[in-house]
Structures are given as structure tokens and as C-alpha cells.
1. Kirkwood-based Rg over Rh for the stretch 148-229 (C-alpha set), two decimals?
2. Considering only protein heavy atoms, what per residue accessible area in square angstrom results for the chain with a 1.4 angstrom probe?
3. What order do Arg206, Arg273, Arg73 take when sorted by accessible area (1.4 Å probe), most exposed first?
4. Using only protein heavy atoms and a 1.4 Å probe, report how much of His330 is accessible, in Å² to the nearest 10.
5. At a threshold of 8 angstrom on Cα-Cα distance, excluding pairs fewer than six apart, so keeping six or more, what relative contact order does the chain reach in percent?
6. Find the centroid of the Cα atoms in the stretch 12-36 and in the stretch 190-209, then give the distance between the two in whole Å.
7. Among the aspartates and glutamates, select those whose C-alpha is under 12 Å from the C-alpha of Lys189, and discard any that sit fewer than 8 residues away in the same chain.
8. Taking the Cβ-Cβ separation of Ser302 and Thr186 as r and a Förster radius of 35 Å, what is the calculated FRET efficiency to the nearest 0.05?
Amino acid sequence: MGATNRQVVLARRPEGPVTADCFEVRDGAAPELTEGKALLRTRYVSIDPAIRGWISPRGSGYLPPVGIGEPVRSNGVGVVVESANPDLPVGAVVTALTGWQELSLVGSDWAEPFTVGTIAPDGATALDALTTLGQSGMTAYAGMHAVLRPQPGETVVVSSAASSVGSMAGQIARLAGARVVGIAGTPAKCAWVVDELGFDACIDYRTEDVADRLKELCPGGVQVFFDNVGGELLDTVLRRIAPGARILLCGSLSTDDGDEAYRLRNYPRLMSRRASMVGFNTIDHWDLYPEATAQLARWIASGEVRTRTEVVDGLDAAPELLVRLFSGDHLGKLVARVDPDAP
Ligand SMILES: NC(=O)c1ccc[n+]([C@@H]2O[C@H](COP(=O)([O-])OP(=O)(O)OC[C@H]3O[C@@H](n4cnc5c(N)ncnc54)[C@H](OP(=O)(O)O)[C@@H]3O)[C@@H](O)[C@H]2O)c1
């Protein structure tokens, strides 16, 4: 192991949409192993919408903002290269909040949940452990299967339907016997979720009138809404909810990449429709990890759930990938390969 630790650090906070010049690449010092920790060499980092919240001045609400000059906080997967923790032995493939850096320390104490490293499920590749069997898969599974629990015949709407989380959430609802309507940003994404993932329909929110299309596609109203977008789109769906509707607030993509909050106008519909809207964080459901990863792995192996990941070489590519994430110019989870030897 070298004495240096290549990192991408936050150079300045974005004002409005994030740009690549908010970040700098530098060679930092390798962290020293401490009691109860393991030293992880990063293989891949995933480019997640949450990063945009973590680098804003207000942070994400559940974690403080990344400081100027600090490595950017990020989900990653790596291999343990030194360990002072028997739960995280040398050679284990581990997912954690590695940050945008080559080396990081992880632990196993759930009193500090955001420092915990999770050993990859048996048989999973590092890439799968990071994405489909990691944060994205866990979010889709816990949100849809454990919280919303769609029933056969119910009408489920999923926003950001072609995203890593949204695409899996919609497929899980389909497997539960629900009718699934996606909302996504391009004709190609809509075609993918309908033709390949088996959604019943998909609305292109950039070119179609979402309110009109929801009326047409969900004549009895929206019974379940897995929302990754928030803002105006959430407001539009609220106008179409059915009595007793369940809404999961999973993400807020429409307002993540900026400083403007959106004021909901149609929230009184929750009262008149006796509906419920619940905030969600995957970390609260991590006890489901063994069940979720086993079930997702079975569905993926059988082809019942399909996924896509785009891997781009180099830690240095991470800032440009974050900018791309908010342009919508990608299909599937964006991942940067940090270790050039990672398979
Ligand atoms: N609550 C939790 O614990 C938790 C955990 C993980 C992820 N999440 C949430 O899950 C959601 C999906 O994450 P992911 O990692 O699966 O994303 P992803 O695969 O990286 O896809 C992101 C997609 O978001 C869409 N998007 C970007 N800007 C947008 C905007 N202004 N308005 C509407 N859509 C926009 C784009 O698709 P289009 O072309 O369709 O716009 C883009 O392809 C995010 O909201 C994320 O925060 C929540």
C-alpha cells in the first residue's frame, strides 16, 4: 500500500446546479488503522443524487455537510487491506460510505451507522454489492416491499422510473401483481421501462402533460406512489391520488441540484383522500439486508428483475459524472472505477 491516498475533495460549494469545478483532485495521506476499524481500498464509487445534498451548505438533514477540502462523501465498495476488526477481515469485499478516495476506514458499530461497512453478499461481485444488491436495491426493496406493500391489482406510480432505484422499485411492484406506471425523462427511458422491465406504461415528463396522462392511465386514481422526484411532479400526482393512497418520499431529484425549495400546493388532498405520505431513509431498514439481497439476487438471476450500470474509468471522472447525473443523460446507475485492476 502506498503512503498516499488519491482523493476528490470539495473545493467550493455549488451555487445552483453542480459543476465539475466545485471539486479538486489531490493526493492526501493514507488513513492510519485504529482500534475496531478496517482499512478499505476502494474499487468503485457510485454517483448518487444524495451527494448533491451532502455538499450543499445545509447538508442532507441526517448528515452534516461535507467540509471544504474534505473528500466528497459517497457510497463505495472496496477490499479490506488491513484490519483491527474481526467482523471485517482482510480480503473481505465491503460496501460503505468510502468517499471519493482510494483508502478509507470503516467499522461495524451501529451506534455510528454511517461509518459501518457491510460485507458483500455471498457470490456477489463488488459492482453488484454496490448497486443492485447495495444502496439502490435496498432502497427499492425496503421502500416498495417493506413500506408501501403494493397489492395485486393496485395502481402504482414510480417517478424517476428509469433510475437505478426507480427501475427496481417498479419491477418489485410488478412482481407483487400491481399495475405499474412510470414517469421518466426521455422516450428511450420510457421505452426501456415498458419494453424491457415490464411496466404497464410510462409518461415522458419532459414532453407530455403528466396530469392529463395520469388521468388517462390511472382512471381510479393513484393508489401507491414511490416518489424520487418531489417538487412540481409530486404536486401533480397529489391531484390524482385515490382514497387511502400511500406515498413514499424517497428522493427529491427535482430540487436536489439547486437551492430553491418547492412549496407544495396540493397537500390538502392528503386530508380529503385520507392518504398518507411518509419520509423514508434506507438506513432505517438495514436489518432487511440479508433478506433483500437474497431475494433481489434470485430475481436478477432469473431475469425477473433487470438492471443497468454504466461504469466509467477513474476516480477523477467522478465530478463530471455527478454533473451528468442531473442532466439525465444516462441510463442505469453511474459508477466510477477507482481501482484500475477492479474486474
Ligand atoms: N431515501 C433513501 O434512503 C434513498 C436512498 C438511495 C436513493 N434515494 C433516491 O432515489 C432516487 C433515485 O436515485 P438513483 O441513485 O437510482 O438515481 P440514478 O440511477 O442516478 O438516476 C438519476 C435520474 O434522476 C433523474 N433526474 C435528474 N434530475 C432530475 C430532475 N431535475 N427532475 C426529475 N428527474 C431528474 C434523471 O432521469 P430522467 O431523465 O428521468 O429525469 C436521472 O437519470 C433519488 O431521488 C435518490 O435520492 C433515496
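The values are calculated or read from the model by the stated rules, or taken from the named source; none is laboratory data. Small disclaimer: the values here were computed from a predicted structure and weren't measured. Cβ coordinates were reconstructed from backbone atoms using ideal geometry, including for glycine residues, and neighbour counts include every protein chain displayed. Please note that ligands, DNA and RNA were not included when accessible areas were found on the heavy atoms of the full protein model with its side chains. Shrake-Rupley method; radii C 1.70, N 1.55, O 1.52, S 1.80 Å.
1. Details: Rg = 11.1 Å, Rh = 12.1 Å.
Taking Rh as the inverse mean 1/r over Cα pairs, Rg/Rh reads 0.92.
2. Numbers: 14640 Å² over 343 residues.
That works out to 43 Å² for each residue.
3. Details: Arg206 135, Arg273 80, Arg73 50 Å².
So the residues, ranked largest to smallest area, are Arg206, Arg273, Arg73.
4. Its accessible surface works out to 40 Å², give or take rounding.
5. Working: 791 pairs, mean separation 61.1, N = 343.
Here the relative contact order equals 18 percent.
6. What the calculation gives is 37 Å, centre to centre.
7. Within reach: Asp204, Asp329.
8. Numbers: r = 28 Å, r/R0 = 0.81.
My answer for the efficiency is 0.80.
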